[in-house]
Each structure stands twice: as structure tokens, then as C-alpha cells.
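Read the structure below first, then the notes.
The values are calculated or read from the model by the stated rules, or taken from the named source; none is laboratory data. Since the model is a prediction, treat every value here as computed from it, not as a measurement. Cβ coordinates were reconstructed from backbone atoms using ideal geometry, including for glycine residues, and neighbour counts include every protein chain displayed.
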Amino acid sequence: MQSVIKVDLGSHSYDICVRSGGLDQLGTQMSELNLGKKVLLVSNQSIFRHYGEKSATALESAGFEVSSCILPPGEQYKTLNSVQKIYGAALANRLERSSTMVALGGGVVGDMTGFAAATWLRGINVVQVPTSLLAMVDAAIGGKTGVNHPLGKNLIGAFHQPRLVLIDPDVLKTLPAREFRSAMAEVIKYGVIWDAELFGMLEKSKRLDQMRYVKADLLAEILIRSCQAKADVVSKDEKESGLRAILNYGHTIGHAVESLTGYKLVNHGEGVALGMVAASRLAVELGMWDTECDRRQLDSIVKVALPVKLPAGLDVEEVLKSLQLDKKVQDGKVRFVLPVRLGEAAVSDRVDGDLILKVLKDMF
């Protein structure tokens, strides 16, 4: 599998390289970008155990001076305290403005490393090497970086585009089944908001709940089409002033559920799946899209074995309060991304609190 997708952002343009065995070429790929010699490899304990040595060897073979910063795994560690550890490693290893931070891991590592790179010495290079399917199709692309605040997800952050995104599908062989399912929520999202053909491919597949049931040609389509969708949208709207907001489909309620369950009971993709179920039903209630499309989306989510019911005991009034802290609130109104037809979505602020409560109560 090999493909190069360009994210066209003028002077901030970069390539997404999808390449089997690409991890061995990390140093060579980075050498072509004329980066400084010092590299800080940021990862978590479990990912570094699998791929840290291979990544460091690839970098050192290309002449880079490599140091590392290993963080604990989990969304609950996506905090300013963890970013401080990255800063400490950057200082100890004398990173310069020409230096590069390499994020080796899933979305949590990628977001934190990107934020640290955006703010260290007022901005240094970052290269994203995603090791989870979720990060490959979404988090590693687009330059959104950040950490969580105790009251909300990703409230602290910056836009900072990577110099390169290197995707090696071979690393997915160590991906836990739950993480695969989580990523498929984002893939379904792309099908609903941007790529109806991708959605159709997912519908035709008999099983999507484990990666071993996904044929190599479908995995290639999932990776390349999802990356292309994200690149298309980001290239048109780098800093979410308009179109890019559609990428938040399912995320408004999803983030609230993640936050209110302490980032432990519900992971990101599971939250997005629940958010898509809710957004779809809101769109039906508002007459924006039909019940048949709502059913087709629900069937796809069920096929991936993602949740479609809210966790027992979740306080829907607290969800409503949490929505007011969402980054997409404008003039006090919560802005929802709602589907219009397969392959198209729109942003609406016409969703009132009573309707949200009705839909959420129906999801228990």
C-alpha cells in the first residue's frame, strides 16, 4: 500500500504519506524536508515498547540526534502536566528553533506533541507518525493540537501544521480491537459528511467490528479516502472559520459524554458514535434529513459494534450544561453539525435545549 496525499496550505503545505513499512523510512522522509538535526521522539509507554527502537534507529541512520520523552497512556493524561514533561525533555536536550518533535502514537500523543511544538520557542517543527487507526484517519491531519481542561475536552490548544504525516499501516497489527472500533466511528463520519461512496463501501462489508474482517483493499480505501477527505476540507478552511466545522460531526455531544464519564468509560470514537446517533435524530426532527438515512447510519454504527445507547446514569441536564462549554458555541448558541444527505452536512444553531433533551432521553 502506497499513496501520497497533499494538504495544500500554501507555505504550510505538507504530505500525508501512506506507506506499508514506512516507519523504516522515517529518517529518509524527514531528511528531505531540510530539518535541524535534533529530534525529540514523544510517545507513550506501550507504543514506544513496540515501535520506539525502530523509529529511533530510522532517524539515527539518517543522521538525526534523537532523544525521547515517554508519557503514560490514556486520555486522562492529556493535560498541561504532560505537556510540561515534553517541555522539560525539550529543555534538557537543548532543542532549537530548527529542531523537530516527532509524535509517535495515537491521537493523545499527537495532540499533546503538536501543542508542545506549537508553543516551545514560539513554534518548532512537528512530524506526526500515528500508530492508531483513529489518529491515521483524523487526529494526525489538519494541525489541530491541544489538551483537555477539567471542565472540557481540547479547550486549550493551537493550530500548528505538521511538516509531514507518515502513516505505516503495518503498525495496526498491534492495535487493540476496541481502538479499531473507535476509529471506525470517524470513518463512518467521513462517509456521512463528505464521501457517500466510502459510506457505501462500509455498508457492503459484512463485518466491521474487528480489523481481521476488513480486507486489505477496503483498509486501503478507508485510509486513503479518509485522509483525502480530511485534506480536502482542511485545504479549503485551515482554521475552522467555515467548512472545516463539518469535521466535528458527532463531536459536540460526543465530547460532552467523554468528559462527563471521565475519559474512561467512553472513549473518543464511542463518544463520536453516540454524538452521530444524536445529531442524526436531531436532523430528522428538524426535517433536514430522512429516516431512511438515519437508519442506514445507525446500522453502520451497530455493524462496528459501537454504542448507540447512552451510559446508564448519565445526567442529560449535565450534558446540556457541558455543551455550553463547547468550542463551537457562538453568541451563546450551541452550533451542531447535522447531516443533510449522505456525503453532505451543514452547521446549524437552530437546535434548542428541549429538543436536545428529548433526543438524549430517547437514547437510554
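Observations, loosely collected:
- Among the conditions (1) under 18 Å from A140 (Cα atoms); (2) part of a loop (DSSP other than H, G, I, E, B); (3) touching an Asp or Glu at 6+ places or on another chain (Cβ under 6 Å), the only one that R225 does not satisfy is (2).
- Qualifying residues in the range 47-56 (those that are free of Cβ contacts under 8 Å to residues at least 60 places away in the same chain and surrounded by fewer than 17 Cβ atoms within 10 Å (Cβ to Cβ)) - the one nearest to L91 (Cα to Cα): E53
Residue-by-condition table, conditions (1) in the same structural domain as P73 (by TED's automatic domain parsing); (2) within 23 Å of G107 (Cβ to Cβ); (3) without any contact (Cβ under 8 Å) to a residue 12 or more places away in the chain; (4) under 25 Å from the mean Cα position of the chain (by Cα):
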| residue | (1), (2), (3), (4) |
| --- | --- |
| L260 | no, yes, no, yes |
| G313 | no, no, yes, no |
| V319 | no, yes, no, yes |
| L342 | no, no, no, yes |
| L357 | no, no, no, no |
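- Output for the range 128-153, where each listed residue is part of a strand (DSSP E or B) and over 20 Å from D168 (Cα atoms): K144, T145, G146, V147, N148, H149, G152, K153
- Only one of the numbered conditions (1) touching a Pro at 6+ places or on another chain (Cβ under 8 Å); (2) more than 30 Å from L260 (Cβ to Cβ); (3) surrounded by 17 or more Cβ atoms within 10 Å (Cβ to Cβ) is violated by S20, and that is (3).
- Residues in the range 126-153 that are among the polar types (S, T, N, Q) and farther than 25 Å from D8 by Cα: N148 alone.
- Taking the listed residues G114, G123, G110, the one that is in contact (Cβ under 8 Å) with a residue 12 or more places away in the chain and surrounded by fewer than 24 Cβ atoms within 10 Å (Cβ to Cβ) is G123, with no other qualifying.
- Filter result for the condition that a residue is of a type in the set (A, V, I, L, M) and touching a Cys at 6+ places or on another chain (Cβ under 6 Å), over I47, I70, I86, I124: I86
Every residue, every condition in (1) touching a residue at least 40 places away in the same chain (Cβ under 8 Å); (2) exposed (fewer than 14 other Cβ atoms within 10 Å of the Cβ); (3) basic (K, R), yes or no:
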position: G10; (1), (2), (3): no, yes, no
position: Y14; (1), (2), (3): yes, no, no
position: K38; (1), (2), (3): yes, no, yes
position: L41; (1), (2), (3): yes, no, no
position: A58; (1), (2), (3): no, no, no
position: C69; (1), (2), (3): no, no, no
position: K85; (1), (2), (3): no, no, yes
position: A89; (1), (2), (3): yes, no, no
position: M101; (1), (2), (3): yes, no, no
